[in-house]
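A quick write-up on the structure given underneath.
The values are calculated or read from the model by the stated rules, or taken from the named source; none is laboratory data. Note that the coordinates shown come from a computational prediction; the quantities given were computed from them, not determined experimentally. Using ideal geometry, Cβ is built from the backbone for each residue, glycine included, and neighbour counts are taken over all protein chains shown. In case anyone asks, the SASA skips ligands and DNA or RNA and just uses the protein heavy atoms, side chains included. Shrake-Rupley method; radii C 1.70, N 1.55, O 1.52, S 1.80 Å.
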Amino acid sequence: MLSALALFAAAPPLSPEAILDRAAEAAGGAEWLNARTLVLSGTAVFYGPASPEPRSRATDYRMWRVFDPERQAAHGAEGKVRIHACDGTRQLFTVGYDGTTTWNERGVVPKGEADAFWSSNFGFGIIRHARKPGFKAERVPDDRIGTHPLYMVRLTDPGGTATLFGIDRRSFAIRFMGFASPRGWHVRTYDDFYRLPGSRWLQARRVTLFYNGVKANEVIWRDTQVNAPIDDALFAPNAPLPCR
């Protein structure tokens, strides 16, 4: 019997476009590609760069997204977003983008600072647009995360910004993303996948973020809503939102 590695070696090579197509199908097909909104809630742990102990913990960590169907830039602010983190009844931080203005709990964020912030955080969603005109996909040397061998694909947006994606060679789940950011080399790993009930949407429960190889935070998503209505007022600067 051939080993898994031997089977992979014997299989005909896949083009980067074919890998991305299979990844999109595994993620949920048309529902995933054409998602309009996404609401995630769970918990998170945040670390400092020079201590093994957590800096803070969010017992209530939520994110609301309204996607831009015409997105072109991999790591800039797009659509609308709100992220809210609380430890019990104490707010740790809140940050939002209403399509024009970025703000946080201290007020409106200057554009240069906001661009650097979003450029260090946004990136995953660009893979939904990978097969549109102006995007370029290239295979680079394959890799692995733990026991999961990965196809590695470099996706370059129309503006020339590149993002690495690691696609599971068995399931075609998206397990890795990496890109250069103002904070350094940023990596996210995705694990503990599940499908939403009554849906083909594949969601990673565990998302871990690294900057320059050091873990910065880890998120456990416990609830996912796709295409749920979101009140536009939620994205307005300092729109009130209680901890829970």
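Of all aspartates and glutamates in the structure, the ones whose alpha carbon falls short of 19 Å from that of residue 111, not counting any fewer than 8 places away in one chain, are 78, 98. Computed over the chain, the range of Cα coordinates on each principal axis works out to 59, 41, 39 Å, biggest value leading.
Electrostatic tally near residue 122: other residues with Cβ closer than 14 Å to its Cβ, Lys and Arg +1, Asp and Glu -1, net +3. Solvent-accessible area assigned to carbon and sulfur over the chain amounts to 55 percent, based on a 1.4 Å probe.
Charges were assigned to the Cβ only: +1 to each Lys and Arg, -1 to each Asp and Glu. The resulting dipole of segment 52-155 about its Cα centre is roughly 260 debye.
From the P(r) of segment 93-146, could you give the percentage of C-alpha pairs in the tail past 13 Å? The answer is 72 percent, as a whole percent.
Rolling a 1.4 Å probe over the protein heavy atoms gives segment 1-129 an accessible area of 48 Å² per residue. The relative contact order of segment 63-132, computed from alpha carbon pairs under 8 Å that lie at least 6 residues apart in sequence, is 31 percent. Taking 1.002 mPa s as the viscosity and 20 °C as the temperature, the Stokes-Einstein diffusion coefficient of segment 20-120 based on its alpha-carbon Kirkwood radius rounds to 138 µm²/s. Computed over the chain, the per-residue total of -39500 (n - 2.57) for DSSP H runs of n ≥ 4 gives a 222 nm mean residue ellipticity of -3500 deg cm²/dmol, rounded to 500. The dipole here belongs to segment 181-239: it is taken about the Cα centre, uses +1 on the Cβ of Lys and Arg and -1 on the Cβ of Asp and Glu, and is about 280 debye.
As a length-normalised measure over Cα pairs under 8 Å and 6 or more apart, the relative contact order of the chain settles at 23 percent. Dipole of segment 39-129 computed with +1 at Lys/Arg Cβ and -1 at Asp/Glu Cβ about the Cα centre; of 73, 41, 124, farthest Cα towards the positive end is 41. Rg then Dmax, both in Å and based on the Cα atoms of segment 121-244: 16.3, 47. Cross-link partners of residue 132 among lysines, defined as those whose alpha carbon lies under 23 angstrom from its own and excluding same-chain residues fewer than eight positions apart: 80. Note on segment 37-89: Cα Rg divided by 2.2 N^0.38 Å, N the number of residues, gives 1.44.
In the frame of its principal axes, segment 176-231 has Cα extents of 38, 28, 16 Å, reported largest first.
Counting only protein chains, not ligands or nucleic acids, how are 136, 111, 215 ordered by accessible area (probe 1.4 Å), most first?
So, going from the largest accessible area down, we get 111, 136, 215.
A 1.4 Å probe run over segment 170-244, with the rest of the protein chains in place, finds 52 Å² accessible per residue.
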